[in-house]
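Working notes for the structure below.
The values are calculated or read from the model by the stated rules, or taken from the named source; none is laboratory data. None of these values were measured; they are calculated from a predicted model. Neighbour counts run over all protein chains shown; Cβ positions are idealised from the backbone, glycine included.
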Amino acid sequence: MAERLIKLNHKPPQPLNNYRISTAVLASHCALDPAGAAIASLSISWGVSKGDNDLGGYHLVWPRDLVETAGGFLAAGDAMSALSILSFLCEVQLPDGSWPQTLWLDGEAYWGAFNGMNALFPSCSPICCSGKAI
């Protein structure tokens, strides 16, 4: 089996396409339904101290991270995905203009904690707050 593994110092014949890899990672975190929702991470950040039976964490939608995802799509030239994310954020925005710290894909808040970043961030709030439409 060791013969089949690629050596760590092996250089691929062509350079990796970091653009394609990055956009694929962004897209892999997006939900098909509802449109515009994306979880923060497919990985378990805390290794051995957390497992598949633990709810929450980065397997949820984090509005602060979702704005960064929208920016990544916009920078990659995918304005429709960025707009879809902003529309999702408008749908889940609270009446006071903030967002829950974390959400399930259906928009239901997971943690009741207030995160000040979600009141100031996303910076798209002037777009979203005015009538819940972009």
Practice item. Could you pull out the residue among A109, A75, A133, A82 that is of a type in the set (A, V, I, L, M), in contact with a strand residue (DSSP E or B) (Cβ under 9 Å, 6 or more places away or on another chain) and either modelled with pLDDT of 90 or more or loosely packed, with under 10 Cβ neighbours inside 10 Å (or both)? Key: A109
Practice item. Check the range 32-45 and report whether any residue there is part of a helix (DSSP H, G or I), modelled with pLDDT of 90 or more and surrounded by 11 or more Cβ atoms within 10 Å (Cβ to Cβ). Key: no
Point to revise | Near pairs, Cβ below 6 angstrom, 6+ apart or cross-chain, from the range 25-37 (among the small types (G, A, S)) to any residue that is in a helix (DSSP H, G or I) | key: A35/S84; G36/S84; G36/I85; G36/S87; G36/F88; A37/F88
